[in-house]
Amino acid sequence: MEEQLRREIRRLRRTNAAAIGLLVIVTASAFVQARAPTKFDEIDVGRINVREPDGRLRLTISNHTRLPEVVVGGKSYPLRGGTGVKSAGLIFFNDEGNEDGGLVWAGSHTAGGHEASAALTFDQFDQDETVSIEYGDQNGRRTAGISVMDRPEEPIQIFAESAMVIRAMPDGPAKDDRMRRFRASMEARGALPAQRFFAGKRPDKSSTVMLADRKGRARLRLSVDSLGSARIEFLDDSGRVTRSLTGTDAR
Amino acid sequence: MDTRLRRDVRFLKLYAACSTAAFAVLALAAFRQPKAANTKFEEIDVERINVVEKDGKLRLVISNRERSPGPIAYGKPFGYAGGSRPGMIFFNDEGSENGGLTFTGKQGADGKYASTVHMSFDQFNEDQVIVLQYADENGVQRKGLSILDRANVPILDLVKQQEALQKMPAGAAKDSAMKKFLEPRPGEPLAAQRLFFGRDPSKAALVVLSDKMGHPRLRMSVDSLGKASLDFLDASGKVMRSIGEQP
């Protein structure tokens, strides 16, 4: 009897030791596993933040609801989506954590038809988009192409701060006047963007390659219009065509 | 005394059985969890995501700067070390790099900045042939779309040749071997830009079409002063015909 009891206790001790040993191994392996890449076959997310080790954002991939605010000069500005377009996609950030581009898309039916867009944009340092591939569509009025813009040298934060103040004003003549003065002062100091290059199609159903001067005025244009007529045009700084070459010109 | 002991042992046995069973169930559940078809998160923070094929081959890496990969061909790293290409790197069906979308930019203590945002598609087993890029060295910018030809030589062979050359002792033999390496293969240079659309460091808006050696032969431009012209050039860069604003 006594002998049997002793045997059983011994067996319990052994089982217990084995269980504790197993627990230690499994727990340890669980922690080791967590350090190696975690594996999923498929994940559903609202947003993914790719961050540098110090926590700085490098990239967000998100739905529309979680699209991040505009971050410039290390500060967030709720300036996105002023047009009501519900974009989702990727927003890029530079080494300082400031926005420097994105790949976004949107599209939905509206009361009057539809609205759609898709854009890959690269931003000038501390400024706005300078290279972009973009498709825009408002009820069938479509633009699609590649553009290169010149942007001012001044930081975009100056613009963002003023835009925040103007946006907060109540609609009315005072706001309109403020907006006009803001634009005029940007123009006076040469801070307006200028489209220097466009290749693509326009809402008038022409296809075109356009080169512009530093004020964004088209000066040389290749185009095939909606009726199929092709031409190369030189323009002056007032937009007047000074020379036009077509397929029927005598050489 | 004896009965109490026996009762204790019986209780312990029961306890051991229950806890072992519970432990087994928990352990199994823990291992099974990652197999769930769709894992759902509202928001996650990561430093790197690897999109892999079933056999583990890389298809896409999305990462911060520190964890970004260097060049990889057939699943093996070559060339330079990682850590310089934050963004996305694309890989083909064989686990070889075939493009990417990267973005960097920062200002130094001296106030000077450098910034590059870049998307490129690579020729099979070669380097980039379609490039959309904005590159800026403290205000000196080159930005637009380029299309390139690349020699029909696998990039791994080029890297091996280059590494062998770099190991040679300095001297005439090395110089002539290096010159030969950089020379066009029969009829084709290692790389030739065939098309550029955009704006160059001289602040000119440009369309440049080039021959297969990379020499510009047809150029449309509006320069920094607003002067427009359409030029035909010979292989040496001499303008053969220029069409300007006035006939």
- Residues that are under 29 Å from the mean Cα position of the chain (by Cα) and within 13 Å of chain B (Cβ to nearest Cβ), drawn from segment A:203-220: A:THR208, A:VAL209, A:MET210, A:LEU211, A:ALA212, A:ASP213, A:ARG214, A:LYS215, A:GLY216, A:ARG217, A:ALA218
- Task: Output the residues belonging to segment B:196-218 that are out of contact with any Phe, Trp or Tyr (no Cβ under 8 Å at 6 or more places or on another chain) and either of a type in the set (Phe, Trp, Tyr) or within 11 Å of another protein chain (Cβ to nearest Cβ) (or both).
- Result: B:PHE196, B:ASP200, B:LYS203, B:ALA204
- Task: List the number of the failed condition for A:LYS201; all other conditions in (1) of a type in the set (Lys, Arg); (2) more than 20 Å from A:PHE234 (Cα to Cα); (3) in contact with a Lys or Arg (Cβ under 8 Å, 6 or more places away or on another chain) hold.
- Result: (2)
- Going through segment A:222-251 in order, the residues found to be more than 26 Å from B:GLY226 (Cα to Cα) and either of a type in the set (Val, Ile, Thr) or touching a residue at least 60 places away in the same chain (Cβ under 8 Å) (or both) are A:THR248
- Can you tell which of A:ILE146, A:ILE156 is within 19 Å of the chain's Cα centre (by Cα) and modelled with pLDDT of 95 or more? A:ILE146
- From A:LEU67, A:LEU90, A:LEU59, A:LEU103, residue being of a type outside the set (S, T, N, Q), at pLDDT 90 or above, in the same structural domain as A:THR121 (by TED's automatic domain parsing) and in contact with a Pro (Cβ under 8 Å, 6 or more places away or on another chain): A:LEU59
- Item | Within segment B:61-102, tally of residues that are part of a strand (DSSP E or B), within 24 Å of B:ALA164 (Cα to Cα) and more than 9 Å from the chain's Cα centre (by Cα) | 4
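Taking segment B:219-238 only, how many residues are closer than 19 Å to B:PRO189 by Cβ and either within 14 Å of another protein chain (Cβ to nearest Cβ) or in a loop (DSSP other than H, G, I, E, B) (or both)? Break it down into steps so the answer makes sense when it comes.
Here is the first cut: in segment B:219-238, the ones closer than 19 Å to B:PRO189 by Cβ are B:233-237.
Next, from what is left, pick out any that are either within 14 Å of another protein chain (Cβ to nearest Cβ) or in a loop (DSSP other than H, G, I, E, B) (or both): B:234-237.
Residues flagged as closer than 19 Å to B:PRO189 by Cβ and either within 14 Å of another protein chain (Cβ to nearest Cβ) or in a loop (DSSP other than H, G, I, E, B) (or both) within segment B:219-238 amount to 4.
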- Only one of these is out of contact with any Ser or Thr (no Cβ under 6 Å at 6 or more places or on another chain), of a type in the set (A, V, I, L, M), crowded, with 16+ Cβ neighbours inside 10 Å and more than 17 Å from A:GLN124 (Cβ to Cβ): A:ALA174, A:ALA163, A:ALA230, A:ALA184. Name it. A:ALA163
- Output the residues belonging to segment B:155-180 that are in contact (Cβ under 8 Å) with a residue 40 or more places away in the chain and out of contact with any Phe, Trp or Tyr (no Cβ under 8 Å at 6 or more places or on another chain). B:ILE155
- Message: On the basis of being modelled with pLDDT of 90 or more, more than 25 Å from A:THR121 (Cβ to Cβ) and of a type outside the set (A, V, I, L, M), does A:ARG217 make the cut?
- Response: no
- Residue check, A:ARG80 at pLDDT 95 or above, under 23 Å from B:GLY105 (Cα atoms), among the basic types (Lys, Arg) and out of contact with any Phe, Trp or Tyr (no Cβ under 9 Å at 6 or more places or on another chain): no
- Note on the structure: In the set B:ARG194, B:ARG185, the lone residue that is of a type outside the set (Ser, Thr, Tyr) and surrounded by 13 or more Cβ atoms within 10 Å (Cβ to Cβ) is B:ARG194
- Mind checking which residues of segment A:228-247 are of a type in the set (A, V, I, L, M, F, W, C), touching a Lys or Arg at 6+ places or on another chain (Cβ under 9 Å) and over 26 Å from A:THR130 (Cα atoms)? A:VAL241, A:LEU245
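The values are calculated or read from the model by the stated rules, or taken from the named source; none is laboratory data. Quantities reported herein were computed from a predicted structural model and do not represent experimental measurements. Note that each Cβ is placed from the backbone with ideal geometry, even for glycine, and that neighbours are counted across all protein chains shown.
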